[in-house]
Amino acid sequence: MSPMPDSTARPPASEPFTGIPAASADTALGDALVAAGKLAPRDLERAQAASAELGNRLPDVLVQLGLVSEGDLAQARAQLHGVPLLRADEFPSSLPELPGVQPGFLALHHVLPLAVDEGSASVAVADPGDAFVLKALRLASGLRLNISVAAAADIDKALAERADASGEDAAAEGGDVDTGEFVEHLRDLASEAPVIRMVNTLIGRVIELRASDIHLEPFEDGLHLRYRVDGALDTAEVIAPRLGAAVASRIKLLAHLDIAERRLPQDGRIRTRVKGRELDLRVSTVPSVHGESVVMRVLDRTAVRLSLQDMGIPADTLALFADMLARPHGILLVTGPTGAGKTTTLYAGLSALDAGTQKIVTVEDPVEYQLPGIVQIQVHAQIGLTFASALRSILRQDPDVVMIGEMRDGETAQIAVQAALTGHLVLSTLHTNDAASAVIRLVDMGVERFLITSTVNGVVAQRLVRTLCSQCKTAEVPDPAWLQRTGLHRHLAPGAPIYQPRGCAACRGTGYRGRLGIYELLVIDDALRRAIGEGADAGALQALALQRGMRPLHDDGLRRVAAGLTTLEEVLRATQDAGDA
């Protein structure tokens, strides 16, 4: 058992613990957070205004807005009230019952019993300045209190684990419970402070982890929480089965979804602020054997790079891409699998255009990032606003540049071709393995080859590979025979090193931190136009493009390996489905 605070150093709880009224304590707490550099003065003013308007206490508003973490809040409270601060790993392994106090009261007010001795009890509380709670605990238990401070989320988690161990409050997932009553039960659970704090915490972690997705997957042993970081999934923890349905319902409430509908997939969106950063979360739920699986895709507006120069595109490829963007009409396609960064590349291309002198319109599903000076249209297939119908309308809006989020069907492709023929620059994406395959995909969608040769200016194929951690990557000089086999000898000087991942605290032991793009750019010149018109297949087009100087995806990846940015294993993983791998 972890050592408890000395009981002789604490006054009895019948006396006010700090003598600081709640309002004054909140003001002092805000000032302490500002003084400690944990909170900006402007953010404190905003939170105080929100607190006055909503009627909520300032500390709760600070956490809900993501302006401070619960750990920072607990530390500031401990210093303000002069009491010890306990971390979760300092809690005792066995938690006692506090006589005369119901578990519901402990959960509601974030109180964790640590030890009960003759005549006294040691407890951890989230707010040591709440004289009402301390007095109620003393009167109900008849014991003197020794107070410590802990983060509310740590207290809630410890209470939930104790409840699981004792079988308290088992949540009914079905059985004879009436459906309406069960939905109301879920709604009540989802509105309780422990669940709210748990959801806020799991969303808040995406900033420190740099996660792109949050996965909540129900299994027999509980709700598995996983984060996708740099393209790889990593299991964070398992949420107790009794809380699984409540956590999923809380997320659905935030996304404005129907919590009563648990048999059909649903999609929604959450807009929130985490640690001073605006986040959009695209929420998808699907039913599974053990409950609802929830995935939240993180769209961090402050982290996305919308400058072509900042995206790491090689200079020769960037020059060709910029030349295509400068053309007054035609089609420029970006291809690759889901999650390859196609939309980000298009956004960066749009940002390079002059929205002040050109009318730029986009049709997207969904609109991921809002760009200044650009008209962006959200597709709503349920009401008939599809890519094709939206395109027909916006062509009557006199646009100069049109961006189509994705060419999903022949009708959309046909309208895009007509738009290019009538003097518009059209940007869009396709799901193909390499650049040459995009031409054949258009043919499969019903676009005539002579129209493709008249409209398509070029195709960019791209993938994302993980970047080596700059703090721990290790150099090694490879064997010359290995360089010959892999093709790296074309990019690496004799005796020059390559780098391998090692793993450190900065990269969470993975050896990688961040991702970068690798690209191939197919320019549709006269030779390729003739080949397309003559019915060449993807393989023949790819071979001709290579003869004409196109650098394939795999070769671009090898350049990044030689530059010490990534590894051959990453390049092979990303390009194994491409025609040149």
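The values are calculated or read from the model by the stated rules, or taken from the named source; none is laboratory data. Everything quoted here is computed from the prediction, not taken from an experiment. Positions of Cβ are generated from backbone atoms using ideal geometry, with glycine treated the same way; all protein chains shown enter the neighbour counts. Quick note on the areas: whole protein, heavy atoms, side chains included, nothing else; ligands and nucleic acids left out. Shrake-Rupley method; radii C 1.70, N 1.55, O 1.52, S 1.80 Å.
Taking Ala190, is it at pLDDT below 65, closer than 12 Å to Leu243 by Cα and crowded, with 19+ Cβ neighbours inside 10 Å?
Details: at pLDDT below 65: yes; closer than 12 Å to Leu243 by Cα: yes; crowded, with 19+ Cβ neighbours inside 10 Å: yes.
Judged against the criteria, Ala190 is a match.
State all residues of the range 250-294 that are among the basic types (Lys, Arg), in a loop (DSSP other than H, G, I, E, B) and on the phi < 0 side of the Ramachandran plot; if no residue qualifies, say none. Please lay out each step first, then the result.
Pass one, the range 250-294, residues among the basic types (Lys, Arg): 250, 252, 262-263, 269, 271, 273, 275, 277, 282.
Cutting the leftovers down to in a loop (DSSP other than H, G, I, E, B) gives us 262-263, 275.
Across the range 250-294, the qualifying residues are Arg262, Arg263.
Identify the single condition in (1) within 26 Å of the chain's Cα centre (by Cα); (2) at pLDDT 90 or above that Val379 does not satisfy, given that it satisfies every other one.
The single condition Val379 does not satisfy is (2).
For the range 545-577, give me the residue count where each residue is hydrophobic (A, V, I, L, M, F, W, C) and open to solvent by less than 40 Å² (accessible area, probe 1.4 Å).
Applying the first criterion (hydrophobic (A, V, I, L, M, F, W, C)) to the range 545-577 yields 545-546, 550, 553, 558, 561-563, 565, 568, 571-572, 574.
Narrowing the set further to residues that are open to solvent by less than 40 Å² (accessible area, probe 1.4 Å) leaves 545, 550, 553, 558, 561-562, 568, 571, 574.
The total comes to 9.
Examine the range 216-226 for a residue that is touching a strand residue (DSSP E or B) at 6+ places or on another chain (Cβ under 8 Å), outside any strand (DSSP E or B) and open to solvent by 40 Å² or more (accessible area, probe 1.4 Å), and state whether such a residue exists.
Yes, there is a match, as at least one residue in the range 216-226 is touching a strand residue (DSSP E or B) at 6+ places or on another chain (Cβ under 8 Å), outside any strand (DSSP E or B) and open to solvent by 40 Å² or more (accessible area, probe 1.4 Å).
Quick one: which residue in Val116, Val123 is open to solvent by 10 Å² or more (accessible area, probe 1.4 Å), part of a strand (DSSP E or B) and either polar (S, T, N, Q) or modelled with pLDDT of 85 or more (or both)?
Working: Val123 fails: open to solvent by 10 Å² or more (accessible area, probe 1.4 Å).
Step by step, each of Val116, Val123 is checked, and only Val116 is open to solvent by 10 Å² or more (accessible area, probe 1.4 Å), part of a strand (DSSP E or B) and either polar (S, T, N, Q) or modelled with pLDDT of 85 or more (or both).
Taking only pairs six or more apart or across chains, which ones have beta-carbon atoms under 9 Å, a first residue in the range 65-85 that is closer than 14 Å to Leu44 by Cα, and a second residue that is assigned to a helix (DSSP H, G or I) and among the charged types (D, E, K, R)?
If the second residue must be assigned to a helix (DSSP H, G or I) and among the charged types (D, E, K, R), the pairs left are Leu65/Asp43; Leu65/Arg46; Leu67/Asp43; Leu67/Arg46; Val68/Asp43.
Go through (1) under 28 Å from Arg57 (Cβ atoms); (2) touching a strand residue (DSSP E or B) at 6+ places or on another chain (Cβ under 9 Å); (3) without any contact (Cβ under 8 Å) to a residue 40 or more places away in the chain; (4) small (Gly, Ala, Ser) for Ser122 and report which single condition fails.
Evaluating Ser122 over (1) under 28 Å from Arg57 (Cβ atoms); (2) touching a strand residue (DSSP E or B) at 6+ places or on another chain (Cβ under 9 Å); (3) without any contact (Cβ under 8 Å) to a residue 40 or more places away in the chain; (4) small (Gly, Ala, Ser) leaves (3) as the failure.
Mind checking whether some residue in the range 556-564 is among the basic types (Lys, Arg), closer than 17 Å to Val334 by Cα and in contact (Cβ under 8 Å) with a residue 60 or more places away in the chain?
In the first step, residues of the range 556-564 are kept if they are among the basic types (Lys, Arg); the result is 559-560.
Then keep just the ones that are closer than 17 Å to Val334 by Cα; that gives none.
No, the conditions are met nowhere in the range 556-564.
Listed here are the residues, each with its yes/no results for (1) open to solvent by less than 60 Å² (accessible area, probe 1.4 Å); (2) touching a strand residue (DSSP E or B) at 6+ places or on another chain (Cβ under 9 Å); (3) of a type in the set (A, V, I, L, M).
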| residue | (1), (2), (3) |
| --- | --- |
| His380 | no, no, no |
| Ile383 | no, no, yes |
| Ser389 | yes, no, no |
| Met407 | yes, yes, yes |
| Glu411 | no, no, no |
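Among the numbered criteria (1) without any contact (Cβ under 8 Å) to a residue 60 or more places away in the chain; (2) of a type outside the set (Asp, Glu); (3) open to solvent by 50 Å² or more (accessible area, probe 1.4 Å); (4) outside any helix (DSSP H, G or I), which single criterion is violated by Ala506?
(3)
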